[in-house]
1. Beta carbons within 10 angstrom, averaged per residue: use that to sort the peptides 24-31, 10-17, highest first.
2. Given axes a ≥ b ≥ c from the Cα gyration tensor, I'd like to know whether the range 2-68 is rounded (a/c under 1.5), prolate (a/b larger than b/c) or oblate.
3. Which whole-percent values make up P(r) of the range 38-93 when all C-alpha to C-alpha distances are grouped in 10 Å steps starting at zero?
4. May I ask you to order 157-166, 66-75 by the average number of other C-beta atoms within 10 Å around their residues, highest value first?
5. For the range 93-146, compute the orientation-averaged projected area of the C-alpha convex hull (one quarter of its surface), in nm².
6. Debye calculation, C-alpha points only, no solvent: report log10 I(q)/I(0) for the range 39-166 at q = 0.12, 0.14, 0.19, 0.21 Å⁻¹, in the same order as the q values.
7. Taking a ≥ b ≥ c as the square roots of the eigenvalues of the Cα gyration tensor of the range 1-114, is the shape rounded (a/c under 1.5), prolate (a/b larger than b/c) or oblate?
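Each value in this text was obtained by applying a stated rule to the coordinates, not by laboratory testing. Predicted model only: the values in this text are computed from it and were never measured. Because the Cβ atoms are built from the backbone with ideal geometry, glycine has one as well, and the counts that use them run over all protein chains shown.
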Ligand code: FES
């Protein structure tokens, strides 16, 4: 097992991070511990948010895009905010300049949902993230667990519409 030389710092002083860290340590900080680590975040905090995903990704040396993918794919995980479907738009520099800045605006207008919030009917959460580690695919978004790269706002909207109609 390849243990990280230095364990990344937890997002806050909250003691519940120790539980998460212990879970990952027991697995030797192996990337395969991803689901178990997220499970432990969910149990300790009741939801999975961006700071916890970032922490787990760093500890396990897993791309953040994968962590977003897993967290949004399994309905077991409660994202914060929580909608039946989730669209995460990356607003890191590479994605922003390639059009995601406009995409998030277009999605927000089309589905009447503010950034970081869920539609009134609870169907769709619109989240944004800083770089999710897949810049080569910029602009990148994650829709219900699927990493979607090189997509225009119109393509993202069409994909979300398909997800909502399932
Ligand atoms: S800036 Fe979006 S993946 Fe890196």
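1. Numbers: 24-31: 15.8, 10-17: 12.9.
Going from most to least packed, we get 24-31, 10-17.
2. Details: a/c = 1.40, a/b = 1.18, b/c = 1.18.
Taking the square roots of the gyration eigenvalues as a ≥ b ≥ c, the range 2-68 is rounded.
3. Per 10 Å bin, starting at zero, the Cα-Cα P(r) for the range 38-93 comes out as 23, 61, 16, 0 percent.
4. On the way: 157-166: 13.5, 66-75: 20.4.
Ranked from most to least packed, the peptides come out as 66-75, 157-166.
5. Numbers: hull surface 14.9 nm².
For the range 93-146, the mean projected area of the Cα convex hull comes to 3.7 nm².
6. Each listed q maps to, in turn, -0.39, -0.53, -1.01, -1.23.
7. Prolate is the answer for the range 1-114, as a/c is 1.5 or above and a/b outweighs b/c.
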